[in-house]
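The values are calculated or read from the model by the stated rules, or taken from the named source; none is laboratory data. As the structure is a computational prediction, the values presented were derived from the model and not from experiment. Note that we place each Cβ from the backbone using ideal geometry, even for glycine, and neighbour counts take in every protein chain shown.
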Amino acid sequence: MDYKTKLNTLIELVIAQGASDLHLSTGVQPIIRVSGSLTPILSEQALTQEDMMGLIGEMISPERKQKFMQAQEADFSYAHGDKARFRGNAYFERGRPGVALRLIPRQIRTLAELNLPPALASFAGREQGFFLVVGPVGQGKTTTLAALIEKINQERAEHIVTIEDPIEYLFENKKSLIEQREVRVDTTDFPQALTSVFRQDVDVLMLGEMRDPETMAAAVTAAETGHLVFSTLHTNNAAQTIDRIIDTFPAAQQDQIRVQLAGSLAGIFSQRLVPRVSGGLIPACELLISNPAVQNLIREKRSHEIQTVIETGAQEGMIDMNRSLADLVRAGEISVESAYARSLNPNVLQRLI
């Protein structure tokens, strides 16, 4: 089999079908995800183990492939000419290779084009602070971050550094100078790259993901020392995000990180992509904007009360997830069933619809 041609054919199909993901697994036909639903490509044969290794060899270098065979995991990015870029993860499942590819659109869409709330734009105008975009995997967190970074790029002359694993959206310098560093290619790991940031005259820092206490501590410190820091976490809402960060640290360090986080946090944005009645996906969201009340709750270990602040903070620009879902239902954008499926408190949602 000509694996290069086969890979190109599959990727062209992903683009033509408007799919977000391509799954390649041993013993299974290739599968794409369109508008949140998985669909097998019936015109394709099931892939053999030999096919999988051949396709993987087209996406990563021989050196990376050798490391993949040893570590049995590999994160990578793959460019399909000038048409598309993918974030990829190669892995083994029951001793057989598989690959998951996520399409990264070449064009960075604006907040308005993504149907995101206008209140988000204010965070791109800040001089310093810590802003997190959270939610489960595949809910558009990276796309939202890219829109915020691009807004800064278009409006302000700043030195922006991104640390990613792997690099996803590619930025072009406009008013800002943007430098993108990839873990294992341009730097050893996130903590090492963050240590260097303090010597690079950086104004804005974007971390693809916070995975360990060292990265979290450095990100909070960067926000405290005059930087604007953006990052993501796989958490469900603002209160859970705060608890996750603090609980990552040993007990002896938690009080310190609690005080630092209270002082540096600018906001937390949680989003879910919900199937639209008319087709496609639309975001439902929660937005916490840090204020003195939020800062006190974090310091006093009362993060469970943050939800109440969000629910009553609409005049300050805060957005409650249940209210966001209810608004989408009333506007005819999403079904009641889709709203309930994504609500963390369906009883409250029932009263709002």
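Some notes on this structure:
- Residue selected from the range 319-353 under the condition over 15 Å from Ile282 (Cα atoms) and touching a residue at least 40 places away in the same chain (Cβ under 8 Å), by the criterion surrounded by the fewest Cβ atoms within 10 Å (Cβ to Cβ): Leu344
- Some residue of the range 69-91 being polar (S, T, N, Q) and more than 30 Å from His227 (Cβ to Cβ): yes
- All of Glu179, Glu168 fail the test of being surrounded by fewer than 23 Cβ atoms within 10 Å (Cβ to Cβ) and over 17 Å from the mean Cα position of the chain (by Cα), apart from Glu179.
- When Leu287, Leu261 are screened for being in contact with a strand residue (DSSP E or B) (Cβ under 7 Å, 6 or more places away or on another chain) and either modelled with pLDDT of 95 or more or surrounded by fewer than 17 Cβ atoms within 10 Å (Cβ to Cβ) (or both), only Leu287 passes.
- In the range 291-310, residue nearest to Ile268 (Cα to Cα) [restricted to those that are under 25 Å from the mean Cα position of the chain (by Cα) and surrounded by fewer than 15 Cβ atoms within 10 Å (Cβ to Cβ)]: Asn291
- Filter result for Ala112 (without any contact (Cβ under 8 Å) to a residue 24 or more places away in the chain and of a type in the set (A, V, I, L, M)): yes
- Pairs, first within 22 Å of Arg106 (Cβ to Cβ) in the range 61-84, second part of a helix (DSSP H, G or I) and not hydrophobic (A, V, I, L, M, F, W, C), C-beta under 7 Å, six or more apart: Phe76/Arg64
- Of the strands (runs of 3 or more DSSP E) lying entirely inside the range 102-188, those carrying at least 1 residues that are touching a helix residue (DSSP H, G or I) at 6+ places or on another chain (Cβ under 6 Å) and more than 22 Å from Ile268 (Cα to Cα) are 177-182.
- Members of the range 45-95 that are in a loop (DSSP other than H, G, I, E, B) and either surrounded by fewer than 11 Cβ atoms within 10 Å (Cβ to Cβ) or of a type in the set (Ser, Thr, Tyr) (or both): Gln45, Thr48, Ser61, Gly81, Asp82, Arg94, Gly95
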